Amino acid sequence: MSAPNDALVDEVRQRYAEAAVKVRAGASNTLILEATEADSCCSPAATTTDSCCGTPAAEVDNAFGAGLYSADETAELPAEALAASLGCGNPLMVAALHPGEKVLDLGSGGGIDVLLSARRVGPSGYAYGVDMTDEMLDLARANAAKAQAENVEFLKGTIEDVPLPDATVDVVISNCVINLSVDKPKVLSEMFRVLVPGGRIGISDVVAEDHLTPSDRAERGSYVGCIAGALSRTEYLEGLAAAGFADAEVEFTHEAAPGMHSAIIRATKPDA
Ligand SMILES: C[S@@+](CC[C@H](N)C(=O)[O-])C[C@H]1O[C@@H](n2cnc3c(N)ncnc32)[C@H](O)[C@@H]1O
């Protein structure tokens, strides 16, 4: 990895370390949004539209973070897991998990999607989270303990080099993280590697319309704010095909900034 990329990775790690520390200190999600800079990923600031998903604070509850989950889903989760939710979608809705399945969440943050997955797959299933930020891992592990979740494990690592063996999981999920990667082809090939044949992905991410150049995307928001690093729809589809996936689709769900959308990404690993 080149030095400029190292600096970008450090910036991402620092941004999410700060968010995790604030949650552990007892701040509500609203306080985090107000306290951090305008472009905290997928957590819009109170007064600007230049944030990750570019929406004013009035819409925060419905469009970002914990507001994307139903009351049924969140009822039994620790408050800190909800407060730390920084996603731009609800990958659980996309992945349609079944009892007994093994799930991996890439960039698991405070653990909300891992804990919800663990409930869906039940005691015969298992949910892993991978994150590179120690402070987020500490928060996720504390949330798992509070939720008394036994079928979960949070692993330190990067989504470009997932610390799991080949063909370990039935489903890979991720929520507003792949846009932050400095090596997206590697992330897509890692997803393919850790899935069993016939396995699937259910991803939420920010995706650009095809006509936007990389500099157009950067004009619409920062890298750590989940905008500048977003793939276009065609780049996503071509990347998934190059990694070996079949039946790939990218469906825009809501506009985050002009020409930039929160999106659902689905694909399957063909049976061997
Ligand atoms: C926008 S937050 C999303 C967290 C979580 N998915 C959610 O929905 O709340 C991004 C998370 O991904 C992690 N992350 C970003 N880039 C990563 C990478 N290359 N490898 C591992 N973790 C990464 C950050 O530490 C942070 O916890």
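Its DSSP H runs of at least 4 residues, each contributing -39,500 (n - 2.57), put the calculated 222 nm mean residue ellipticity of the chain at -10500 deg cm²/dmol, to the nearest 500. From least to most packed, judged by other beta carbons within 10 angstrom and beginning with the fewest, 200, 193 follow the order 193, 200. Compared with the alpha-carbon gap, the fully stretched path from residue 150 to residue 167 is longer by 3.9 nm at 0.36 nm per residue. Exceedance of the 27 Å cut-off in Cα-Cα distance is limited, within the set 146/269; 22/269; 102/146; 102/184; 22/156, to 146/269; 22/269. Computed over Cα pairs, the Kirkwood radius of the chain leads via Stokes-Einstein (1.306 mPa s, 10 °C) to a diffusion coefficient of 88 µm² per second.
Counting only whole DSSP H helices of the chain, the ones at least 24 Å long by C-alpha along their axis and with mean Kyte-Doolittle hydropathy no lower than -1.0 are 3-24.
Coordinate-derived values only; no laboratory data. Computed from a prediction, not measured in an experiment: that's the story for all the values here. A quick note on method: Cβ atoms are made from the backbone with ideal geometry, for glycine too, and the neighbour counts reach across all protein chains shown.
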